[in-house]
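Read through the structure below, which is laid out as structure tokens, and then see the notes.
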Amino acid sequence: MFTKLKPVFIIAGRELKDQFRDWRVLAPMAVLVLCFPILMNAFAQQSVDFLNRYNANLIIDRLVPFSILIIGFFPITVSLVVALEAFVGEKERGTIEPILSSPLEDWQIYFGKLLVGVATPLIASYLSFGLYMLLVIRRDLTLPSSLTIIQLILLTTAHAFLMVSAAIVISVQSTSVKAANLLASFIVIPVAILMQGEAGMLFWGNDNVLWWAVLGVTIVALLLIRLGLAHFQREYLLGREIDAVNLRWLWHTFWRNFLGGARSVPDWYRSVVGPSFKKIVPSIFALLLVATVSVLLSYMWVMKNMPAILESAPKDQIARFTQNLRETPDLKEIREKVSAPYLFLNNTRAVFVIFLAGVVSFSVLGVLAYMLNIALIGGLFGVVQLLGIPAWPLFIGGVLPHGIFEIPALIAGSAAMLYFGVSFVTPQTGRSFGEAGIELFADWCKIFVGIVVPLMAIAAVIETYITPHILINILN
Amino acid sequence: MIETHDLSKQFHDFWAVDGINLSVQAGQILALLGQNGAGKTTTVRMLTALLNPTRGWARVAGYDVVKNGRDVRASIGVLTEQHGLYTRMSANEYLEFFGQVYGLDPSHRTQRRDQLLEYFGLAEAAQRRIGEYSKGMRQKLALARAMMHDPGVLLLDEPTSAMDPESARLVRDEIARLKSSKRTLVLCSHNLTEVESLADQIAIIYRGRILKIGTLDQLKIDVLGTPEYEIKFAWDWDSSGLELPSGANLLSRTANSLKVRIERPQEINPILMNRLSSLSAPVMAFQEEPRSLEQVYLKVMSDAKGNTNVH
């Protein structure tokens, strides 16, 4: 094992030495490490003095951890420049070919670069943490609990892996350092938004919420590493394909994959959609399992936590809500509020949003969005039961008629999204990053157009014209 | 040691290399000649297992470039078009680093590094940063890197470019030594004099295809025709009594010289010499009209450009 890992450290060691000899890397790092904690400390002191006047204890408590989060973030952002040029910079300088011509494995070169890309900012971040905490102690401010400090260190480490692994993916796929730097906004902006979310969690959530943030960021970072490795091909790093951004070729590649040479709609379903559907069958089974677990968990959560909430809720509101559920709905009123096109657009949009969430997170956020959608069933079932209303008839009459079409459409659309994410981070031999992406997108489109859209259309018509009748009959 | 069959590489709809067949044995040097963009670098990259062939196959040092890429790379030394040197490192550190990359043990690494630096006259500058090196020094260091692990196959792109004559001679001597020690070498060069003096086989590539391949003599005959010889006499001598052997054609005659085209020089020249000797001809010189590789190359290229069938 060590023999296999040794080249990783050889590559990383050389890079690290190189970085520590470059004042353009060292100077901003030194400034950030030495000056930023002092500035943050002064800011924290002023803020505490100010907030003390208003007894804003929660904010005071969270100010130091928040500062630690920010202090850790800045060195990573600056050193991103180094990671961004890890491969493309060497390519521009002509130093990559001797390395690629060596007997090193792809993953050894990749991890060598990743390791040093992560090590430099982390060294700077940890030094900043240390200095800042020393200053906090000197100013008699309260340090966060050791658990929170561990969480923040882990979160910063996960951020470093997330940003550096994304930067290295960009570096492998870029044609020039300039292009890589321009693409850096695709890392900095989402991570800045993520940081805002985490800051929100820090102020309003409890300590456990940060663990979820650590887990989420780590999963996405690991998937990014996997993505980078899957698409790291010496050929594309040196070849000409990587330089070609050809919109015509993009469209033709997509269209060729989408149509698959079919001559008619039945032929398209038989020879194109069918094979694509076969590919997503394992994902369908996985999502069925996820659906079962989600429904059960949400049902159990509701049964455990809702009684206390219902107990404390105003009695008249509960009574009104229960009455509304028991009352026979007015069919005319329903038709005025919801129409088949409205339902159709709403549901297909949900599948599309799940896909978008999956694309930006290699399926992680997409699966979470799917889980939330499906979990509603279990949660609602539990609430109805708790209110003393017979849940089964309500669900059989109100959900099942259109659900027979809508739920499979949701599962198929989500499974196509899952397949897209999983395949994208799987090595695609003989295909470039772009080709693999286009082909997978075409696969998703086949499922969406060929299966999701028709099923959602049928479901919308049933939900508008049949479900209300069945529901009224049952309630009557 | 290097064998290819129908080796081809397509980038989108462009064939950078199209059906190249090579066979280079141990102790041989093959020179690839061609314009910039002819496909030499793509060929070398396929032989280095950096690019996968679109069609055909290649075996280097006994390994298939697609199936055993790692073994191929471990068995070859590559001097790339760009030097690929890390300018913040010293020559010592640089060779040490590549020694580690190629898995040489520490004592062997140091010994090999010092030996190469000494040979290429870089020992005194071994501690200096490469950024301070001249172009020639960089080229020598890059060559030392390619030879660091003592590979059986060397792929050298312009090995003496930017070198002063003395250093270039040093490198040529080293290439000759490598050849004599049964290494297989592929040389990409625009220096035709160098190719002439070093190569056993020469391949002229144009738009991804080999137009001509063979030894220098074969190419000269193939492209420029049978060789011409000039016989100079020490004084005016009546050569009309000389009967030329079959396969030798008279081109011109003066009072003190003859110009003949000879189809099979190895066979005919001794006969001709004998006849001249028997006639007591005052032969002062019997020499082949100089025909350079440059003439061969330019003729091949001009024919190729004029031939619309070549693509």
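Scanning region A:23-34 for residues that are away from chain B (no Cβ under 14 Å) and aliphatic (A, V, I, L, M) returns A:ALA27, A:MET29, A:ALA30, A:VAL31, A:LEU32, A:VAL33, A:LEU34. Only a single criterion out of (1) under 14 Å from the mean Cα position of the chain (by Cα); (2) away from chain A (no Cβ under 14 Å) is not satisfied by B:ASP157, namely (2).
For B:ALA74, the criteria (1) over 27 Å from B:LEU198 (Cβ atoms); (2) within 14 Å of chain A (Cβ to nearest Cβ) hold in every case but one, which is (1). Note on region B:176-194: among residues that are among the aliphatic types (A, V, I, L, M) and under 10 Å from the mean Cα position of the chain (by Cα), the one that is farthest from B:LEU154 (Cα to Cα) is B:LEU192.
In region B:47-61, the qualifying residues are those that are among the polar types (S, T, N, Q) and at the interface with chain A (Cβ under 7 Å from one of its Cβ atoms), and the one that is farthest from B:THR184 (Cα to Cα) is B:ASN52.
When region A:252-273 is limited to residues that are among the aliphatic types (A, V, I, L, M) and free of Cβ contacts under 8 Å to residues at least 12 places away in the same chain, the one that is surrounded by the fewest Cβ atoms within 10 Å (Cβ to Cβ) turns out to be A:VAL265. On inspection, A:LEU155 fails the criterion of being within 18 Å of A:TYR236 (Cβ to Cβ) and open to solvent by less than 10 Å² (accessible area, probe 1.4 Å). Condition check for B:ASN269 on (1) part of a helix (DSSP H, G or I); (2) without any contact (Cβ under 8 Å) to a residue 24 or more places away in the chain: one failure, at (2). Answer with yes or no whether A:LEU100 is hydrophobic (A, V, I, L, M, F, W, C) and within 12 Å of chain B (Cβ to nearest Cβ). Yes; evaluated as a whole, the condition is true for this residue.
Considering only residues of region A:35-48 that are loosely packed, with under 15 Cβ neighbours inside 10 Å and either under 27 Å from A:PRO103 (Cβ atoms) or at pLDDT 85 or above (or both), which is nearest to the other protein chains (Cβ to nearest Cβ)? Lay out the reasoning, then the answer.
As a first pass, look at region A:35-48 and keep what is loosely packed, with under 15 Cβ neighbours inside 10 Å: A:35, A:38-39, A:42-43, A:46.
Right, trim to either under 27 Å from A:PRO103 (Cβ atoms) or at pLDDT 85 or above (or both) and you get A:35, A:38-39.
Values: A:CYS35: 26, A:ILE38: 31, A:LEU39: 32 Å.
Looking at the filtered set, the residue picked out is A:CYS35.
Using the structure shown, decide if B:ASP64 is open to solvent by 10 Å² or more (accessible area, probe 1.4 Å), at the interface with chain A (Cβ under 8 Å from one of its Cβ atoms) and over 22 Å from B:SER189 (Cα atoms). Taking the combined requirement at face value, the residue does not satisfy it. In the set (1) open to solvent by 30 Å² or more (accessible area, probe 1.4 Å); (2) assigned by TED's automatic domain parsing to the domain that holds A:ILE168, the condition left unmet by A:PHE285 is number (2). Is it fair to say B:ALA31 is aliphatic (A, V, I, L, M), buried (at least 16 other Cβ atoms within 10 Å of the Cβ) and within 30 Å of A:ARG14 (Cα to Cα)? Spelling it out, it is not the case that B:ALA31 is aliphatic (A, V, I, L, M), buried (at least 16 other Cβ atoms within 10 Å of the Cβ) and within 30 Å of A:ARG14 (Cα to Cα).
Screening region B:77-179 for helices (runs of 4 or more DSSP H) wholly inside it with 3 or more residues that are surrounded by 22 or more Cβ atoms within 10 Å (Cβ to Cβ) returns the ranges B:91-101, B:135-147.
Looking only at region A:76-97, filter to residues that are within 14 Å of another protein chain (Cβ to nearest Cβ) and open to solvent by 10 Å² or more (accessible area, probe 1.4 Å); which one of those is farthest from A:LEU238 (Cα to Cα)? So the residue we want is A:VAL82.
Those residues that are open to solvent by 40 Å² or more (accessible area, probe 1.4 Å) and either modelled with pLDDT under 90 or among the hydrophobic types (A, V, I, L, M, F, W, C) (or both), I need them from region B:247-263; list them, please. Spell out how you get there, then give the answer.
Of region B:247-263, the ones open to solvent by 40 Å² or more (accessible area, probe 1.4 Å) are B:249-256, B:259, B:261, B:263.
Result: B:LEU250, B:LEU251, B:ALA255, B:GLU263.
Go through region A:1-22 residue by residue and tally those that are in a helix (DSSP H, G or I), at the interface with chain B (Cβ under 9 Å from one of its Cβ atoms), out of contact with any Phe, Trp or Tyr (no Cβ under 6 Å at 6 or more places or on another chain) and basic (Lys, Arg). Qualifying residue count for the region: 2. Every condition in (1) under 29 Å from A:THR3 (Cβ atoms); (2) free of Cβ contacts under 8 Å to residues at least 60 places away in the same chain; (3) surrounded by fewer than 23 Cβ atoms within 10 Å (Cβ to Cβ) is met by A:SER101 except one, and the failing one is (3). All conditions in (1) closer than 13 Å to B:VAL65 by Cβ; (2) modelled with pLDDT under 95 hold for B:GLN25, with the sole exception of (1).
If you go through region A:222-258 one residue at a time, how many are of a type in the set (Lys, Arg) and modelled with pLDDT of 85 or more?
Initial filter on region A:222-258 (of a type in the set (Lys, Arg)): A:226, A:234, A:240, A:248, A:256.
So of that shortlist, the ones also modelled with pLDDT of 85 or more come out as A:226, A:256.
The qualifying residues number 2.
Within region B:152-169, residues that are more than 12 Å from B:VAL78 (Cβ to Cβ) and in the same structural domain as B:MET137 (by TED's automatic domain parsing) have Cβ atoms under 7 Å from residues that are open to solvent by less than 40 Å² (accessible area, probe 1.4 Å) and not in a helix (DSSP H, G or I) in these pairs: B:GLY152/B:ALA61; B:GLY152/B:THR184; B:GLU158/B:CYS188; B:GLU158/B:SER189; B:ALA168/B:THR160, counting only partners at least 6 apart in sequence or on another chain. Considering A:LEU372, A:LEU368, the condition of being open to solvent by 60 Å² or more (accessible area, probe 1.4 Å), over 16 Å from A:TYR419 (Cα atoms), part of a helix (DSSP H, G or I) and out of contact with any strand residue (DSSP E or B) (no Cβ under 7 Å at 6 or more places or on another chain) is satisfied by A:LEU372 alone.
Selection of region A:123-149 for residues being farther than 20 Å from A:GLN196 by Cβ and either within 23 Å of the chain's Cα centre (by Cα) or in a loop (DSSP other than H, G, I, E, B) (or both) yields A:ARG139, A:ASP140, A:LEU141, A:THR142, A:LEU143, A:SER145. Selection over region A:187-217 of residues that are more than 15 Å from A:LEU63 (Cα to Cα) and open to solvent by 50 Å² or more (accessible area, probe 1.4 Å) gives a count of 8. Determine, yes or no, whether A:ILE137 is open to solvent by 60 Å² or more (accessible area, probe 1.4 Å) and farther than 27 Å from A:VAL48 by Cα. Judged against the criteria, A:ILE137 is not a match.
The values are calculated or read from the model by the stated rules, or taken from the named source; none is laboratory data. As the structure is a computational prediction, the values presented were derived from the model and not from experiment. Note: ideal-geometry Cβ built from the backbone for every residue, glycine included; neighbour counts use all protein chains shown. To get the accessible areas, we keep the full protein, side chains included, count just its heavy atoms, and leave off ligands, DNA and RNA. Shrake-Rupley method; radii C 1.70, N 1.55, O 1.52, S 1.80 Å.
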